[in-house]
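Heads up: the structure comes next, in structure tokens.
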Amino acid sequence: MELSCSCYYDWDGEGWCYCDNPEDFAPLPLKRSARCKSCGELIRPGEPCLSFQRMQYPQTEAQIEIYGGEDAEIMLAPDRICEDCGEIFLNLCSVGYECLSPRHKMADYLAQYHEKTGWKPGRGPGREAAA
């Protein structure tokens, strides 16, 4: 997925979407570990992570009947990303990149950011290494 400053697209209501982006870390509230959706690392109970709440509209007649109409919001299990990936996510959001998928590798987004801005990790924007 390409790093983008906007999330303008026509969603037809099919499938699921994210509700809102998290603004801060919270301890993993589970009794079991969970995998980071971005990098696949284990997040242990109590470790800081970002949780992305997901929802969908009813997709079948049965769901429409069960959830009370076509416009009902069905909450799904959240996607979670680890502290390292979360730091990348929050920092990219803070500089204006708002359409980031937690299911995409945050390291790839960071590499795209470095490429777009000319940032050289450890050296600053476009600077050569000190001799």
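From the set of residues in region 99-120 that are aromatic (Phe, Trp, Tyr) and in contact (Cβ under 8 Å) with a residue 12 or more places away in the chain, which is nearest to GLU23 (Cα to Cα)? This residue is TYR109. Residue count for region 53-63 satisfying the condition of being acidic (Asp, Glu) and in a strand (DSSP E or B): 0.
The number of residues in region 64-96 being in a loop (DSSP other than H, G, I, E, B) and free of Cβ contacts under 8 Å to residues at least 24 places away in the same chain comes to 7. Among the residues of region 50-84, those identified as surrounded by 12 or more Cβ atoms within 10 Å (Cβ to Cβ) and either farther than 20 Å from CYS17 by Cβ or hydroxyl-bearing (Ser, Thr, Tyr) (or both) are SER51, TYR57, TYR67, CYS82, GLU83, ASP84.
Residues that are in contact with a Phe, Trp or Tyr (Cβ under 9 Å, 6 or more places away or on another chain) and assigned to a helix (DSSP H, G or I) were ranked within region 97-111; the one that is farthest from LYS37 (Cα to Cα) is TYR109. Residue count for region 48-66 satisfying the condition of being farther than 10 Å from ILE81 by Cβ and either among the hydroxyl-bearing types (Ser, Thr, Tyr) or in contact with a Pro (Cβ under 7 Å, 6 or more places away or on another chain) (or both): 6. The residues of region 20-52 that are modelled with pLDDT under 95 and either assigned to a strand (DSSP E or B) or of a type in the set (Asp, Glu) (or both), listed by number, are ASP20, GLU23. For region 97-115, a residue qualifies if it is at pLDDT below 90 and surrounded by fewer than 13 Cβ atoms within 10 Å (Cβ to Cβ), and exactly one does: GLU98.
Only a single item in (1) in contact with a helix residue (DSSP H, G or I) (Cβ under 7 Å, 6 or more places away or on another chain); (2) farther than 20 Å from LYS116 by Cβ; (3) modelled with pLDDT under 90 is not met by ILE81, and it is number (3).
Once region 27-47 is narrowed to residues that are of a type in the set (Gly, Ala, Ser), surrounded by 12 or more Cβ atoms within 10 Å (Cβ to Cβ) and out of contact with any helix residue (DSSP H, G or I) (no Cβ under 9 Å at 6 or more places or on another chain), the residue that is nearest to ILE81 (Cα to Cα) is ALA34.
The values are calculated or read from the model by the stated rules, or taken from the named source; none is laboratory data. Quantities reported herein were computed from a predicted structural model and do not represent experimental measurements. For neighbour counting, all protein chains shown are included, and Cβ atoms are generated from backbone atoms with ideal geometry for every residue, glycine included.
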